[in-house]
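Worksheet: one structure, shown below.
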Amino acid sequence: MEIIANYGSTLLIIACCVGFFMAWGIGANDVANAMGTSVGSRALTITQAIFVAMIFEFLGAYLAGGEVTATIRKGIIDPESMADQPELMVFGMLSSLLAAGTWLLIASIKGWPVSTTHSIVGAIVGFAAVGISVDAIHWDKVGTIAASWVISPLVAGTISFGLFMSVKALILDTDDPFHRAKRYIPVYMWMVGFMISMVTLLKGLKHIGVEVDLGLGSKFANAVPVSAAIGLVVAGIGALLLRRVKELPNQQNRFANVERVFAILMVFTACSMAFAHGSNDVANAVGPLAAIAATIESGGQVAAKAALPWWILLVGAFGIVVGLATYGWKVIATIGRKITELTPSRGFAAELGAASTVVVASATGLPISTTHTLVGAVLGVGFARGIAALNLRTIGQIFMSWIITLPAGAGLSIMFFFMFRGMFV
């Protein structure tokens with residue numbers, strides 16, 4: 001308690017700095033995963049992808065980032081184990097943020113697409129095991145998160161595979177794919193608008209005091225008609241844009257005109273993927289920061305639950321945007337062009353499949369890895385064309401970087417934990 005009283009303001013300033021650093025790492029590494037398919041399919045340039053992501057990552061993080069944050073903050077460590085020494089919570093979360101941010105910086109320099117969720121969960125487990133007690137860790141919760149790392153790429157791959165097969169059946173494998181594309185793509189646009197609206201209304205607006213109540217009973221029932229209407233607006237805008245796309249004659253590839261139509265759809269799915277990513281992965285930066293702020297502002301009370309101040313989500317959202325704008329291009333190149341050859345139709349299926357998986361996880365509070373989800377989605381699309389369409393060497397390198405991430409996060413966190421304890425104790 002004495003350390004919190006004497007150094008509370010200093011520790012909170014340090015926490016904001018390392019929280020911003022961690023969010024920068026998420027932007028530089030993980031957001032690049034989210035945008036890689038758009039750039040790899042040439043639907044968007046890198047500059048356009050960064051611009052889209054800056055807007056929708058920020059909105060996702062700020063409007064819909066609160067639910068997963070609660071899981072990261074209070075689900076992994078038993079708060080009662082630090083009741084008598086609240087400074088351990090502060091030092092531990094500072095160490096976790098700094099460790100995960102450092103590893104993301106190293107990975108981004110190398111161009112490795114690694115999991116920010118792996119990084120922060122490994123870091124929290126590392127400091128808790130050494131600095132507090134192995135018994136203080138909720139291993140069942142860690143097990144649930146670990147299971148989601150396997151489940152999320154499988155779910156995303158299955159959804160993406162199904163979406164791409166529906167595109168093949170409805171559009172590509174027909175006599176007139178161009179006009180079929182213009183007919184069916186607004187339906188896919190409606191799916192994008194509906195999905196993003198649902199997660200925002202169900203989980204995202206609580207912490208800013210907005211709630212939709214149409215008198216239909218449950219929150220879910222109130223959200224469905226509103227989301228359906230928003231989906232129709234999105235589909236209508238898309239249909240208007242599609243009218244401007246004219247079929248070009250003398251195309252060597254019969255699908256060239258179709259891919260031009262899908263390129264417009266990719267703008268919508270890129271927005272949905274950025275929103276979904278921001279809503280899920282901002283927790284990795286602001287969850288530990290919220291735990292630090294709550295402990296310091298309460299004078300040393302380590303609580304299982306704490307309010308999430310709006311300014312903490314703002315720190316996370318802004319950090320993600322800065323990270324993407326300054327260093328996101330490197331991992332975008334890795335994820336977008338080296339796993340499998342992407343066209344706008346394949347990129348659409350991968351992005352919407354990944355975004356759907358991330359949105360479901362965000363709505364249920366399960367912190368999945370966006371990296372695993374997106375790679376799983378791209379693999380699903382590639383697998384729809386046969387195993388030969390996949391670059392197995394690149395996939396192997398990505399899997400190896402995932403394996404390294406957990407021990408790297410834990411090891412760095414242990415080192416930083418003893419550093420912070422030595423500075424203030």
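The numbers here are math on the coordinates, done by the rules we state, and not lab data. For clarity, every value in this text was computed on a predicted model and none was experimentally measured. Note that each Cβ is placed from the backbone with ideal geometry, even for glycine, and that neighbours are counted across all protein chains shown.
A few points about this structure:
- Long-range Cα-Cα pairs in the range 314-425 (distance over 25 Å), rounded percent: 39 percent
- Inter-probe distance in nm under a simple model that places probes 7 Å from Cα toward Cβ, at Leu214 and Arg183: 2.9 nm
- For the chain, built as a Gaussian network whose Cα springs stay under 10 Å, the top-fluctuating residue of Trp24, Trp310, Trp149: Trp310
- Fully extending the segment from Lys246 to Glu80 would add 53.3 nm, taking 0.36 nm per residue of separation and subtracting the current Cα-Cα distance.
- Between Ala23, Ala147, Ala354, the Gaussian network model of the chain with springs among Cα atoms under 10 angstrom shows the greatest mean-square fluctuation at Ala147.
- Average Cα contact separation per residue, the chain, under 8 Å, 6 or more apart, as relative contact order %: 40 percent
- Of Ala325, Ala239, Ala107, the residue with the greatest mean-square motion in the GNM of the chain, using alpha carbon springs below 10 Å, is Ala239.
- Rounded Å value of the spacing that divides the Cα centres of the range 274-293 and the range 384-425: 19 Å
- Selected from Met195, Gly382, Ser95, residue furthest toward positive end of dipole (the range 2-424; charges at beta carbon): Gly382
- For the chain, the dipole from Cβ point charges (+1 on Lys and Arg, -1 on Asp and Glu) about the Cα centre works out to 1480 debye, to the nearest 20.
- Gain upon complete extension [Phe418, Thr394; 0.36 nm per residue less C-alpha separation]: 5.0 nm
- For the chain, calculated [θ]222 nm from helices alone, where every DSSP H run of n ≥ 4 adds -39500 (n - 2.57): -25500 deg cm²/dmol
- Given charges at Cβ of Lys, Arg, Asp, Glu: the chain dipole, positive-most of Pro153, Ala129, Ala408: Pro153
- If you take all other residues with their beta carbon under 10 Å from the beta carbon of Thr343, and give Lys and Arg +1 and Asp and Glu -1, the sum is 0.
- Linear extension gain, Ser133 paired with Gln48, 0.36 nm per residue minus alpha-carbon span: 25.9 nm
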